[in-house]
1. Averaged over all directions, how much area does the convex hull of the C-alpha atoms of chain A cover when projected, in nm²?
2. Per Stokes-Einstein, at 20 °C and 1.002 mPa s, what whole-number D in µm² s⁻¹ belongs to segment B:1-108, with the Kirkwood radius over Cα pairs as the hydrodynamic radius?
3. Residue-wise, which Karplus ³J(HN,Hα) couplings in Hz belong to segment A:22-38, taking 6.51 cos²θ - 1.76 cosθ + 1.60, θ = phi - 60°, and x for glycine or proline?
4. Between the alpha-carbon centers of segment A:174-245 and segment B:137-186, tell me the distance in whole angstrom.
5. With a 10 Å radius around each residue's Cβ, average the other Cβ atoms per peptide and rank A:239-247, B:149-157, highest first.
6. Please compute, for peptide B:171-182, the average count of beta-carbon atoms on other protein chains lying within 10 Å of each residue's beta-carbon.
7. Please get the size of the charge dipole for chain B, origin at its Cα centre, with Cβ charges of +1 on Lys and Arg and -1 on Asp and Glu, quoted in debye to the nearest 20.
8. Expressed in whole Å with the largest first, what are the equivalent ellipsoid semi-axes of segment A:40-100 derived from the C-alpha gyration tensor as the square root of 5 times each eigenvalue?
Amino acid sequence: MTPETPIRWRRKDLLGIAELSPAEIELILDTAESFSEIGERAIKKVPTLRGKTVLNLFFEASTRTRSSFEIAEKRLSADNINFSTSGSSLEKGETLVDTALNLQAMAPDLVIIRHAHPGVPHMLAKRIKAGVINAGDGAHEHPTQALLDAFTIRRHKGRLAGLKVAILGDIEHSRVVRSNIHLLNKMGAKVTIGGPRTLMPVEMEAMGVEVAYTLEDAIRDADVIMMLRVQLERLGRMAFPSVKEYFQLFGLTTARLAAARDDVIIMHPGPMNRGTEIASEVADGPYSVILEQVTHGVSVRMAILYLLSGVHEETV
Amino acid sequence: MAKNLTPKTTILDAKQMARIIRRMAGEIAERHHGNLGSVLLAGIRTRGVPLAEKIAAEIERMEGAKLPVGILDITLYRDDLSTVGPQPQVKGTHLPRSIDDCAVILCDDVLYTGRTVRAALDELIDFGRPRIVQLAVLIDRGHRELPIQADFVGKKVPTSQSEIIEVSFLSTDSTEQVRILERPTAK
């Protein structure tokens with residue numbers, strides 16, 4: 001009589017993609033689909049999270065992710081407070097646990113955290129009652145980025161299963177790639193990663209992906225190409241001789257795109273280094289969906305805030 | 001939804017439903033005579049949507065005017081979201097045109113506490129400023145908790161709080177009828 005009961009969200013936190021089931025991923029993507037309409041209204045605000053408090057803790061620089069969360073929070077009518085590294089008590093010598101306990105004392109409903117060290121969001125999640133959303137922890141996970149990438153792919157291709165997705169660039173320092181591999185594998189896409197050997201950690205093959213060491217091999221017949229930023233600030237030792245040489249070998253140009261499928265889409269989590277990993281003609285070209293990713297990021301984060309805010313300690 | 005519920009009576013069958021919806025469509029057409037071009041039907045998810053579609057089809061048959069039908073998902077405007085329990089699914093709102101200066105007729109299957117209609121009104125106002133908003137419901141079962149009343153009512157059904165009105169449409173439930181179900185009393 002009634003259609004099959006849809007699954008309900010029961011996690012207090014969103015810490016990574018690794019622990020999510022395909023059904024949970026689909027629930028987030030479907031919910032985000034409904035929220036995207038709000039961004040097209042004249043009044044871009046719904047009263048859903050009225051009276052909820054969200055803390056945005058960014059212990060690492062971020063423009064896109066932080067403003068995306070902030071906009072998502074405001075469109076849902078939540079009250080938000082921003083903390084960033086400079087000026088925080090951590091700089092004054094407070095331990096992370098003490099920071100967490102102090103935050104808990106302010107009784108927030110949700111905490112968004114980005115931190116340079118993997119596992120910090122997990123530690124926080126265990127210590128506080130509020131729901132915790134990982135906005136990037138070291139080179140470990142960046143679940144909301146992978147979800148907005150999946151949302152963007154689904155919008156263009158109608159599905160994830162069976163697609164060939166090439167992820168290229170600085171694999172070693174990328175949390176985006178790890179979250180994306182987990183997600184795409186779970187949803188039945190075929191992932192190939194490519195980049196210079198010096199930026200390709202050995203454990204990647206164990207994650208169930210193909211590894212290619214030239215750009216052409218990686219993008220052959222690809223439905224989707226994701227370019228990763230070369231994280232110049234994290235390259236302690238020289239992983240390649242020069243930016244110019246990197247661009248010659250791994251930079252995505254129009255000429256090189258010929259190896260991919262005719263309806264390929266090009267993605268980039270941002271910020272882009274034009275002329276390092278991607279040519280301007282590609283970034284601004286007809287296959288690029290890079291700015292759509294940013295738009296969809298708000299819908300996906302609204303969906304996550306909505307779903308998490310319905311889980312209370314008593315029900316966990 | 002129909003877990004642990006015992007059916008008591010069928011109050012409307014498909015034929016009676018069709019007759020009532022035809023009468024409601026006639027009333028709406030009469031009330032908006034000469035202005036049908038600015039009327040928009042907005043069905044409240046889930047079963048307000050098939051009701052709105054059926055009313056639109058009847059008005060088209062009678063008057064030859066095809067009224068636009070919108071869909072309102074009031075989930076994000078509910079007043080009970082912070083009570084314990086996982087969030088209900090959001091399926092989205094779609095209004096086919098601007099509602100400014102329109103006559104918007106909200107359609108829902110059952111009018112009970114009035115809280116759904118309150119949420120729908122709040123959502124509607126976020127989309128613009130309609131000339132007038134009216135409410136059409138198939139069943140009015142009483143027990144209002146807010147000062148809200150319907151402009152077009154299919155059937156008034158006195159109920160007790162332990163009863164549930166179940167409206168089924170072919171498009172959503174593969175059968176067409178209205179039943180009263182009884183909630184189990186033992187707790």
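1. Its average projected convex-hull area is 17.9 nm².
2. Result for D is 136 µm²/s.
3. Karplus-based 3J(HN,Hα) across segment A:22-38 equals x, 5, 5, 4, 5, 4, 5, 5, 5, 5, 4, 4, 5, 6, 5, 5, 5 Hz.
4. 57 Å
5. Ranked by mean Cβ neighbours within 10 Å, highest first: B:149-157, A:239-247.
6. Average neighbour count from other chains, rounded to a whole number: 1.
7. The dipole magnitude comes to about 420 debye.
8. Output for segment A:40-100: semi-axes of 28, 14, 6 Å.
Read-outs throughout are calculated quantities, based only on the coordinates presented, and are distinct from any laboratory measurement. Keep in mind the model is a prediction, meaning the values are calculated, not measured. Heads up, the Cβs are rebuilt from the backbone with ideal geometry, glycines too, and the neighbour counts pull from every protein chain shown.
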